[in-house]
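Take a look at the structure below.
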Amino acid sequence: MRDERIKKLAAVLLNHSVKVKKGERVLIRGHLNTKPLITEIIDQTYSLGAYPYVEILDDEITLHLAKNYQKAQLETQAKWQMQTYQDVDAVIVIIGEENDAEMAEVPAEMHKLRGEIMKPVSEFYVNHRKWVLLNYPTKGLAQKAGMSTSSFEDYLFDVCTVDYDKMASAAEPLKELMEKTDRVRITGPGTDLQFSIKGIPVIPCTGEANVPDGEIFTAPIKDSVNGTISFNTPCPYHGITFRDVKLTFENGKIVDAVSDQTEKLNEILDTDEGARYIGEFALGFHPYIEEPIGDILFDEKICGSFHFTPGEAYEEANNGNKSAIHWDMVLIQRPEYGGGEIYFDDVLIRKDGQFVLPELKGLNQENLK
């Protein structure tokens, strides 16, 4: 598959997401089954006067490595990867997922070890390099979405090439409002949650670091979260999908966590001290993403949703929480998912997934399509 849609997507990645300039070095990391997009990005990178470099990913090889990770081995790998990221200006990561559960049998301690050692590397390129992450339409991802391969291809290219400039303009009033906000309250079925975002930076995401995109994020003041939240979408983590996740907070900390796999859930939340505190709060508003497919790159952008994230805070909106995990969990508040309300300083700003303040209505689904 190498058609006009591939060319359009490559152009979005290079010109909108990472804004490649002449003479810059572009690292393209992707699975072999994403070759049509990789080769198109290579060609367009050259046409921009920049220099492409390619790393091929393979999940089966990674699985064999991950089962028996050794600290010294990972430390060497971290040095190599850090040098690579230091040597380039932009990073494009293309995921060609065939089996979401490929890493499910990797022991938790191996995930933890790798997360701890590779954390400085990921922090470096996330905070100091232009980068973008996206999924490629594969049979595995189509199956997860419950679509035929051809239908999912159409869907993916539609959601990835939405009008991001229009989205960015519509997000500005929400950014301004969140920057003035102290107290947030979220209510809905099984959910009554309160926290403060006062003084934490607010970051609109409109096609720069993720494709597809469509969210705005900040973080709660670390010890301000109180109440309970019940998530109504699948919560995947390292190849394991958790359902019916319910978290209860006291002074910022998750003091109770249950799901269909409660023991495993708590094992992950016990990874380190920061794993039981929240590192991100974000509102999703992509107009063409409506249903969860169990892939967070899509699910966290669902229109009428928000996500609440145990673990590491982003440097851009830093509340001081540090952790080896960053686990986005999504709650949809549209009527067919039970509805719900979001209040900023006691003012209702979104009800049943629809923004109600006049200045925010540009982010509603019908206005972004």
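Pick from Leu32, Leu27: which is touching a strand residue (DSSP E or B) at 6+ places or on another chain (Cβ under 6 Å) and modelled with pLDDT under 95?
Only one candidate passes the filter, namely Leu32.
Out of (1) of a type outside the set (Phe, Trp, Tyr); (2) touching a residue at least 12 places away in the same chain (Cβ under 8 Å); (3) within 19 Å of Gly190 (Cβ to Cβ), the odd one out for Asp256 is which?
Only one criterion is unmet by Asp256, namely (2).
Just give me the residues in the stretch 119-139 being over 22 Å from Gln86 (Cα atoms) and crowded, with 17+ Cβ neighbours inside 10 Å, in sequence order.
Answer for the stretch 119-139, where residues must be over 22 Å from Gln86 (Cα atoms) and crowded, with 17+ Cβ neighbours inside 10 Å: Asn135, Tyr136, Pro137, Thr138.
For the stretch 281-369, list the strands (runs of 3 or more DSSP E) that sit wholly inside it and hold at least 3 residues that are surrounded by fewer than 19 Cβ atoms within 10 Å (Cβ to Cβ); which are they?
Hits in the stretch 281-369: 347-351.
Kindly provide the set of residues from the stretch 247-260 that are open to solvent by 60 Å² or more (accessible area, probe 1.4 Å) and either of a type in the set (A, V, I, L, M) or under 20 Å from the mean Cα position of the chain (by Cα) (or both), ordered by number.
The one that is open to solvent by 60 Å² or more (accessible area, probe 1.4 Å) and either of a type in the set (A, V, I, L, M) or under 20 Å from the mean Cα position of the chain (by Cα) (or both): Val255.
For Arg114, which of the numbered conditions (1) under 30 Å from Lys8 (Cα atoms); (2) touching a helix residue (DSSP H, G or I) at 6+ places or on another chain (Cβ under 7 Å); (3) among the basic types (Lys, Arg) fails to hold?
(1)
Here are some residues: Pro212, Pro234. Which one is over 30 Å from Glu176 (Cα atoms) and surrounded by 19 or more Cβ atoms within 10 Å (Cβ to Cβ)?
Pro234
I'm told Tyr155 meets every condition in (1) under 26 Å from Ile41 (Cβ atoms); (2) at pLDDT below 90; (3) buried (at least 18 other Cβ atoms within 10 Å of the Cβ) except one. Can you identify the failing condition by its number?
(2)
The values are calculated or read from the model by the stated rules, or taken from the named source; none is laboratory data. These numbers come from a predicted model, not from an experiment. No Cβ is skipped: glycine too gets one built from the backbone with ideal geometry, and neighbour counts run over all protein chains shown. To get the accessible areas, we keep the full protein, side chains included, count just its heavy atoms, and leave off ligands, DNA and RNA. Shrake-Rupley method; radii C 1.70, N 1.55, O 1.52, S 1.80 Å.
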